[in-house]
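Written out below as structure tokens is the structure these notes cover.
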């Protein structure tokens, strides 16, 4: 993985010193709350429901064992012994004191980490595929360019105060695992055969996003050779920074500008701007690409053959769900599930962090990744070590075999922690996990993505869940709206709302009914989504609302009870 | 009164800015004498008159004012002031970048409005060279610390046209 050199180290240290100074000026009253707020946000520091929340970047999901141990140390020293992995390659601590945050940033800088631009109206952490570099279906490793983008976007003087936040995702595989259709800029790495042989470049998608106004991104340029990624991004950002709306925060994302101008006109303005920047000094060089790419060379894999795995049903289930094909024979990528039933999805204790760091050291070249599905990945595990890894992970509650299954829920922190939330999300996830606690049934149901967001900001990516759950506020009570048929990947699309929302205690039944309709209607080999696409939303809708009183009838029913 | 920071010190401001009151038309307003910073609309409406009556001319760019609309006139301006209505409104950074990098404006580029200590580093990088620091803020601390927050930068900007990756040994 990437290791800092002198400029990288200098900048994170100077950043920590700057923030210490800002906290001091805020405490002395020289900086007002309004003046301090955007500054702390650009270091990932929120003031939340119970306490501040500090968001730490895990750029494109890569983490070393040493870094994870440092996060465990911070969790123990400054928090309540745990952290939370988000859907955008960040770790969040929910209980630090503001006064301690400068010290925390110093500790992070020691291990080449930071909270730079993890919030605020600036260019956020660049995200990618958790299997980057090892996936069997990878065309190009996206990490060198993700790191180059990280450096370029760090303290970019022109784009620190954009109309709204700005998220970039980059993917280098045939099957998109980075939700690139729903980012402000989504980059699909691809090869093009041309006059001069193979050229590597991107398809550039702009203006996607979930949140309040979910929109699938549109292609602004079908192919952009990789050398131009920085100048082209500058052109996009400049058009957005100048002309994006600033009068209404809900209409300030680039997607609104792209919609208002139309993608052709937006692309024309970008190309016009780019004409001035193209081939300028910010054009990437092969030397720089090679320098950064050198950090991501494959580790010293052994020459192995695929042997037989121990015959143990529980182990076999875990292998089936929690491993991913590796491009090197004899190796596999292991997903450690942070979706243990009854635990907040994405949460990890300091003890678990230490254990995962040890597993990474012993079995996976000292590196690990976190995924936007909020799990931890050991990317380079020998298949012959799988049984040992499974036993150790299992003992630590990290081996729930539910990756891609109903209880592997993607879920935001919700109303238990987040100030923005309209409703709690973690208790809903836990209640659904409790209802589907039978592993045989869970495996029989098969692949299905369930995503829960506590508000329309959509941190739980509910729009792209096969089943999406959105917390809404109705007359100060918490309700949940259900969508069906959303999906990520190359055919990414938004789910459809099935009807009126539900109370929290109804949610396990609602999901149960949806699953039953699938089970009753599925053809052999059909996944939930296949059945849904074939039979449509109505059978699900009819079952869920069958005999259910609505509106006034429901109020009357409640009053009678 | 804002405190004008220039060349790392607080200096006396010889310029006055012409403000159009609400409902006041650029065509009818009286043009003050001396060193005046004119709003874009007044410049556009009274260009010939201003050139004949004023030796030293300044221009004020606000909000969505487009640099492109005044690109041919830049030689007339000794100073261009770019307004930051709120410090979190970052349009001015692009306006400044364009003036310096594309249109090669050589005069004074002044940040006015909600100008604060913690934005000075970025402002300097995009090409500002004078800063009307908001009244009530400590200008000496801002001068001492605000411009030197970071000793290096990755990306190109007006102050550094060569990205760090091309300056590596």
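Here are some notes:
- Wholly within segment A:461-550, helices (runs of 4 or more DSSP H) carrying at least 2 residues that are touching a residue at least 12 places away in the same chain (Cβ under 8 Å) and in contact with a strand residue (DSSP E or B) (Cβ under 6 Å, 6 or more places away or on another chain): A:507-521
- For segment A:14-26, filtered to residues that are more than 10 Å from chain B (Cβ to nearest Cβ) and in contact with a helix residue (DSSP H, G or I) (Cβ under 8 Å, 6 or more places away or on another chain), the residue that is surrounded by the fewest Cβ atoms within 10 Å (Cβ to Cβ) is A:20.
- Residue in segment A:147-158 that is buried (at least 23 other Cβ atoms within 10 Å of the Cβ), without any contact (Cβ under 8 Å) to a residue 24 or more places away in the chain and not in a strand (DSSP E or B) present: yes
- Of all the residues in segment A:335-362, those that are within 24 Å of residue A:405 (Cβ to Cβ) and either within 18 Å of the chain's Cα centre (by Cα) or surrounded by fewer than 22 Cβ atoms within 10 Å (Cβ to Cβ) (or both) number 16.
- Residue A:435, sole failed condition from (1) surrounded by fewer than 24 Cβ atoms within 10 Å (Cβ to Cβ); (2) on the phi > 0 side of the Ramachandran plot: (2)
Condition check ((1) surrounded by 19 or more Cβ atoms within 10 Å (Cβ to Cβ); (2) over 27 Å from residue A:216 (Cα atoms); (3) at pLDDT 95 or above) across all residues:
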| site | (1), (2), (3) |
| --- | --- |
| A:475 | no, yes, no |
| A:480 | yes, no, yes |
| A:490 | no, no, no |
| A:507 | yes, yes, yes |
| A:522 | no, yes, yes |
| A:530 | no, no, yes |
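- All helices (runs of 4 or more DSSP H) inside segment B:64-151 with 1 or more residues being in contact with a strand residue (DSSP E or B) (Cβ under 9 Å, 6 or more places away or on another chain) and more than 10 Å from chain A (Cβ to nearest Cβ): B:120-126, B:139-145
- Test for residue A:485: is it at positive phi, touching a helix residue (DSSP H, G or I) at 6+ places or on another chain (Cβ under 6 Å) and either modelled with pLDDT of 95 or more or not assigned by TED's automatic domain parsing to the domain that holds residue A:208 (or both): yes
- Sole exception among (1) surrounded by 17 or more Cβ atoms within 10 Å (Cβ to Cβ); (2) without any contact (Cβ under 8 Å) to a residue 60 or more places away in the chain for residue A:268, by number: (1)
- Any chance residue B:165 is surrounded by 21 or more Cβ atoms within 10 Å (Cβ to Cβ) and either touching a strand residue (DSSP E or B) at 6+ places or on another chain (Cβ under 8 Å) or at pLDDT below 95 (or both): no
- Residues that are assigned to a loop (DSSP other than H, G, I, E, B) and buried (at least 24 other Cβ atoms within 10 Å of the Cβ) within segment A:180-202 comprise A:183, A:184, listed in sequence order.
- From the list A:229, A:256, the one residue that fits, being under 13 Å from residue A:207 (Cβ atoms) and within 26 Å of the chain's Cα centre (by Cα), is A:256.
- Output for segment B:152-169, where each listed residue is over 15 Å from residue B:97 (Cα atoms) and within 7 Å of chain A (Cβ to nearest Cβ): B:152, B:153, B:154, B:163, B:164, B:165, B:166
- Restricting segment B:15-57 to residues that are assigned to a helix (DSSP H, G or I) and touching a strand residue (DSSP E or B) at 6+ places or on another chain (Cβ under 7 Å), the residue that is nearest to residue B:113 (Cα to Cα) is B:40.
- Residue satisfying condition, being part of a loop (DSSP other than H, G, I, E, B), more than 26 Å from residue B:165 (Cα to Cα) and facing chain B (nearest Cβ under 9 Å), within set A:39, A:31: A:31
Table: residues versus (1) touching a strand residue (DSSP E or B) at 6+ places or on another chain (Cβ under 9 Å); (2) more than 25 Å from residue A:148 (Cα to Cα); (3) assigned by TED's automatic domain parsing to the domain that holds residue A:328.
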{"position": "A:261", "(1), (2), (3)": "no, yes, no"}
{"position": "A:275", "(1), (2), (3)": "no, no, no"}
{"position": "A:278", "(1), (2), (3)": "no, no, no"}
{"position": "A:282", "(1), (2), (3)": "no, no, no"}
{"position": "A:286", "(1), (2), (3)": "no, no, no"}
{"position": "A:301", "(1), (2), (3)": "yes, yes, no"}
{"position": "A:304", "(1), (2), (3)": "yes, yes, no"}
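- For segment B:1-18, the set of residues classified as exposed (fewer than 15 other Cβ atoms within 10 Å of the Cβ) and farther than 18 Å from residue B:145 by Cβ consists of B:1, B:11, B:12, B:14, B:16, listed by residue number.
- Residue A:451 being touching a strand residue (DSSP E or B) at 6+ places or on another chain (Cβ under 6 Å) and modelled with pLDDT of 95 or more: yes
- Contacts under 8 angstrom Cβ, first residue in segment A:368-389 being outside the structural domain of residue A:349 (by TED's automatic domain parsing), partner assigned to a helix (DSSP H, G or I), 6 or more apart: none
- Against the criterion of being within 29 Å of residue A:178 (Cα to Cα), surrounded by fewer than 17 Cβ atoms within 10 Å (Cβ to Cβ) and either free of Cβ contacts under 8 Å to residues at least 24 places away in the same chain or away from chain B (no Cβ under 14 Å) (or both), residue A:5 qualifies.
This table checks each residue for (1) more than 14 Å from every other protein chain (Cβ to nearest Cβ); (2) in a helix (DSSP H, G or I).
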| residue | (1), (2) |
| --- | --- |
| A:235 | no, yes |
| A:245 | no, no |
| A:264 | yes, yes |
| A:268 | yes, yes |
| A:283 | no, no |
| A:294 | no, yes |
| A:316 | yes, yes |
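- Residue A:282 vs. criteria touching a helix residue (DSSP H, G or I) at 6+ places or on another chain (Cβ under 8 Å), at pLDDT 95 or above and within 30 Å of residue A:329 (Cβ to Cβ): no
This table checks each residue for (1) in contact with a helix residue (DSSP H, G or I) (Cβ under 8 Å, 6 or more places away or on another chain); (2) over 19 Å from residue A:121 (Cβ atoms); (3) within 14 Å of chain B (Cβ to nearest Cβ); (4) modelled with pLDDT of 95 or more.
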| position | (1), (2), (3), (4) |
| --- | --- |
| A:154 | yes, no, yes, yes |
| A:173 | no, yes, no, no |
| A:179 | yes, yes, no, no |
| A:191 | no, yes, no, no |
| A:207 | yes, no, no, yes |
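- Within segment A:385-417, the set of residues being assigned to a helix (DSSP H, G or I), buried (at least 23 other Cβ atoms within 10 Å of the Cβ) and on the phi < 0 side of the Ramachandran plot comprises A:389, A:390, A:393.
- Some residue of segment A:7-27 being assigned to a helix (DSSP H, G or I), out of contact with any strand residue (DSSP E or B) (no Cβ under 7 Å at 6 or more places or on another chain), at pLDDT below 95 and over 15 Å from residue A:102 (Cα atoms): no
The values are calculated or read from the model by the stated rules, or taken from the named source; none is laboratory data. Since the model is a prediction, treat every value here as computed from it, not as a measurement. Ideal geometry is used to build each Cβ from the backbone, glycine not excepted, and the neighbour counts take in all protein chains shown.
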